[in-house]
Every structure is written in structure tokens, then in C-alpha cells.
Amino acid sequence: MTSAEPSLKSVRLRDEIEGSGINEVLEQLDRELIGLKPVKTRIREIASLLLVERVRQKLGLTGEVPTLHMSFTGNPGTGKTTVAMRMADILHRLGFVRRGQLISVTRDDLVGQYIGHTAPKTREVLKRAMGGVLFIDEAYYLYRPENERDYGQEAIEILLQVMENQREDLVVILAGYASRMETFFTSNPGFRSRIAHHIDFPDYGEDELASIAGLMLQQQNYSFSPEAEAAFGRYIALRRQQPLFSNARSIRNALDRARLRQANRLVADLDRALTAKDIMTIEPADILASRVFTQGTPDHGP
Amino acid sequence: MRITQGAFSFLPDLTDRQIQAQVQYCLDKGWAVNFEYTDDPHPRNVYWEMWGMPMFDLKDAKGVMMELAECRKHHGDVYIRLSAFDSSHGWESVRLSFIVNRPATEPGFRLARAELAGRRIGYSTSAYAANQPEGQRYK
């Protein structure tokens, strides 16, 4: 966006908000993402900043393109990818990225296996991300201090260059665990200074996880019977204490297994006349069969 | 002599902004854009070298322009053309192709006449640039 002669004398923010449709995205965020209060507050702040920035550009008060690169830190399953997708939508609606697609990559997509392989690979990804958002999951893997000949450094240099010189073409979001991202930023100070917004994703509480489970089931046209709901509450409390707990992702996997057991239970009695309610309802038996209750270990991995 | 191949070749050379707008049109249609280069300007030369892979899955023309800048860095002194391939069923062919880079000077073609039997005359053209071996033309 280039500085234009001020063609407008005044702008009403309400018209701007309604014109961009940004409120729908923010409301959808509130509705579909449970908990994450600090994240939602930060996103609203960023959205307001961008809105004001856009108005400033319309009034000819423009400085330069604001730096929009972000880092999302938090434990697995706390909704980093989901929020990144919404972020791409918000940025697109406010006109800060041209197309609004989200390209989600990890180290494997950026770093090559032999000399001369990394640069084309990274450039390939950057080309696809142009005009949109590049989401680098577990970004700290890019930097491997134990191996000084690691090709990750090459990818980092290309990324830094594009993040600096083509700020109007793409937005980079780095994501990963808080502690390891901290080490990553300490060893790559160039990244920290190019990232304007650091957002921390807190872990979910037990009641938040329970409402996430309810929402997930509702989206798949299932529901808990009241006893099953209580059983799942106990399941969450136990599962949270165990290793490899990854928040909403563990909940989704637990629900998938409950659906499996429910299907097994239904198939066991072939002559029964089933109603839609029978097929939709998850009974306590489907949950209590989990190994979390009997042996205190998760069923299958995280 | 300015060679005219592909679309837009009777217009003045497109600026980068105009190229970008054309590329965006191709991408919006879902065509895969790629670059080829050659130093043999003969119109019957169909064997242009590919510059990298055709670019699938791109959304924004800026990515293609990055690649063009890269290609110009290495082959800025010869011809580069852009072609857009439509993979949809029933088309499966190049839908748009135009020259995006040409040498600073284009010496043109020699016309050779051959006198054949029965007072017939055969014509052939050859590029002056092609007198040099491949890779040493337009230096």
C-alpha cells in the first residue's frame, strides 16, 4: 500500500468495521473457540490496530507497512493452528494480505537434505505463501545448535530476508512450545526483532475441556447421556494428570475412541430396533471402558 | 529485428506490473505458470529450456514474479517466455504464452535463397545470433 493524497476528510470507524466484515470473524472466534481469553483479547487488539492503520492510510497519514509477523507459543492442542487460520482471514478482510490463504509447514518442508537443496525448497514454500500467511509449526526445529553444518540456518536466513523485505506480501507466524521457542529466539535475535506480536496460548481448564468435548460431539451429531457426561468429566480429570496430554487434541482422540466403542456396542445386539437417539447417544459404558480408568495409562499415545 | 512470438508480441514490452497482472489472471483461472529460456530465436525452435518446475498451487502473482527475478538474474541476456498451462479436462494445453525478457540487441535473421530444379526457389532463414555456439550468443 502506497501513500496516497488524502482524498477523505473523515472516516467513521463503524463503516470501516462493517465494510470489512471483521466482526463476523471475531464473533465466530468467540463462538467456536472455548476459553483462550488472553488470546482473544490480543487478537481483538491487533484487529483494532489494523483497523486504525487502515483508516490512517485512507486519510493519507501512512507511515510504512506495519510489521505483522507473529509468534504463537503454547502446549500442543491449545488451538494455535486454528487461531492462525482465523488470523489469515482477519488480515485478508482488513486488506493486509492480498489472498488470505494459510500455508502450514514444518521443518521438513523448508529444509533440504543435501547442499543446495534447502534454498529452492524454502523458496517454493514462500512462493505458495505469497499474498497469504505462512504458518511454521514447531519453528524451533529450524535451528539445531548441536550441528553447525545443519541446513536449517540457510532456511532461517532466507526467511529473515523475505520477512524484512517483503512485509507487504506475506505474514509469517511461528508456533511452538513456549520454552523451546524462547531458546530459539535467544539464538536467533533476528527473528525476535522482526516479530511484532508474541501471543501465549494457555492450557485449558477441566470445565473448558468438557465444553470443547460437548462442542466437538455436537458438530459430529453425537451427544452424551447425562451419566456419560459425568463419566467424561472424570475421564478428563484423570487424563490430564497423565503424560503426553495434549489438550483439545487428546479430547478429540478420546471421543473418537468412544465412538468406536459405541459402534461396537450397537453392533453387538443386531436384533434391537434402533432410534436416531440411540445412534446419537454416547453412554457411560463407552467412556468407562477406557484404560485411563483401569490402568491409569492412556489408550493409544497422546 | 525484434522477434514476435506468443501473445502481446506486437505491443511494447510489458512492464513488470503488467506481467504481474497477467500472471494473476492465469492464477485466478487455476493455470500453472512456468518459465522457459533460450538463446535460439528461430520461430521453429520449440525446444526452450525449462526454468524450474511449473508452479502449481500458487495463489498470488508475487511468487511467480520472485521466480522471474531469479531467472532474469541467471538468463537476463537471452529470451525468457512465460507459459500458463491449463490442466483441466478437455483443455490440457498451454492457454497463454508470451515473452517476458529479450536480449538488449536482436540482430535478426538472414534469408537464404536456394535455386532448385525448374527455376523454383527455396527459402530458409537463420538467426545471425545462432552463428555463435549455444551459450555464447548475445554476449
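The values are calculated or read from the model by the stated rules, or taken from the named source; none is laboratory data. Keep in mind the model is a prediction, meaning the values are calculated, not measured. Glycine gets a Cβ as well: all are built from the backbone with ideal geometry, and neighbour counts include every protein chain shown.
Tabulated values for the structure
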| read-out | value |
| --- | --- |
| Criterion violated by A:SER48 - all others in (1) at pLDDT below 85; (2) over 14 Å from the mean Cα position of the chain (by Cα) satisfied | (1) |
| Residues of the stretch A:49-66 classified as under 13 Å from A:HIS197 (Cα atoms) and assigned to a helix (DSSP H, G or I), total | 2 |
| The lone exception for A:TYR151 - which of (1) within 14 Å of chain B (Cβ to nearest Cβ); (2) farther than 27 Å from A:PHE201 by Cα it fails | (1) |
| Test: residue in the stretch A:192-200 that is surrounded by fewer than 16 Cβ atoms within 10 Å (Cβ to Cβ) and in a helix (DSSP H, G or I) | yes |
| Lone qualifier among A:ARG56, A:ARG107, A:ARG99 - being within 30 Å of A:GLU18 (Cα to Cα) and more than 14 Å from chain B (Cβ to nearest Cβ) | A:ARG56 |
| Matching strands (runs of 3 or more DSSP E) fully within the stretch B:4-107 where at least 3 residues are within 12 Å of chain A (Cβ to nearest Cβ), without any contact (Cβ under 8 Å) to a residue 60 or more places away in the chain and crowded, with 20+ Cβ neighbours inside 10 Å | none |
| Candidates A:ILE34, A:ILE46 - the one that is touching a residue at least 60 places away in the same chain (Cβ under 8 Å) and in a helix (DSSP H, G or I) | A:ILE46 |
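Listed here are the residues, each with its yes/no results for (1) free of Cβ contacts under 8 Å to residues at least 40 places away in the same chain; (2) in a loop (DSSP other than H, G, I, E, B).
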position: A:ASP108; (1), (2): yes, no
position: A:LYS121; (1), (2): yes, no
position: A:LYS127; (1), (2): yes, no
position: A:GLY131; (1), (2): yes, yes
position: A:PHE135; (1), (2): no, no
position: A:TYR140; (1), (2): no, no
